[in-house]
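The structure appears below as structure tokens.
The values are calculated or read from the model by the stated rules, or taken from the named source; none is laboratory data. Since the model is a prediction, treat every value here as computed from it, not as a measurement. Reconstructed Cβ throughout: ideal geometry from the backbone, glycine too, with neighbour counts over all protein chains shown.
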Amino acid sequence: MTEHAPFAKFIERTYGETLQLLEEAWDYSVHDWKEESGHLSAIETIKVNREQMRLTARLSEIMAWLIVHKAVSAGEMTPEQAQSGNYHLTAHEVCLPGECAEEENLPDRLKRLLNRSFELYGRVSKMDRMAQRLFAKGV
């Protein structure tokens, strides 16, 4: 087992979790949202749409980061390429929750998806910083 094996395991496990969450978010937006949107005011609908976009952006950024690191693990990309400025989590202002994320008038399933994706984003962000430090040390 190499010194990067725990990192590779994190990538694989997190990739599966992210893929599942993407599927759940898609299912919500295609099925549940249509049913729930009929009873919301125009302002509430805008807020829900904003949070759905935040959810999509968050999961897309996580998945892109994971794909880059899967490519490194598979030898398809060098660690130097992965650590270039283009492959870090960069959309913090969009992906981190705003004032709307904790509002009680968001649908419960969307709140759960937002909370799970936020927690996932935090873990991947921590791994991104750790990978940057390891790369800087030459590990």
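Can you name every residue in the range 68-92 that is among the β-branched types (V, I, T) and touching a Phe, Trp or Tyr at 6+ places or on another chain (Cβ under 8 Å)? Steps first, please.
At the first step, the residues of the range 68-92 found to be among the β-branched types (V, I, T) are 68, 72, 78, 90.
Listed by number, the list holds a single entry, V68.
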Requested in this report: Test L22 against the criterion of being farther than 24 Å from Q132 by Cβ, surrounded by 17 or more Cβ atoms within 10 Å (Cβ to Cβ) and touching a helix residue (DSSP H, G or I) at 6+ places or on another chain (Cβ under 8 Å), and give yes or no.
Outcome: yes
Requested in this report: Count, please, the residues in the range 62-79 that happen to be free of Cβ contacts under 8 Å to residues at least 12 places away in the same chain and charged (D, E, K, R).
Outcome: 1
Query - Residue within the range 83-98 that is at pLDDT 90 or above, out of contact with any Lys or Arg (no Cβ under 6 Å at 6 or more places or on another chain) and not hydrophobic (A, V, I, L, M, F, W, C) present - result: no
Report task. Being outside any helix (DSSP H, G or I) and of a type outside the set (D, E, K, R) is the filter; apply it to the range 1-59 and report the residue that is modelled with the highest pLDDT. Result -> S41
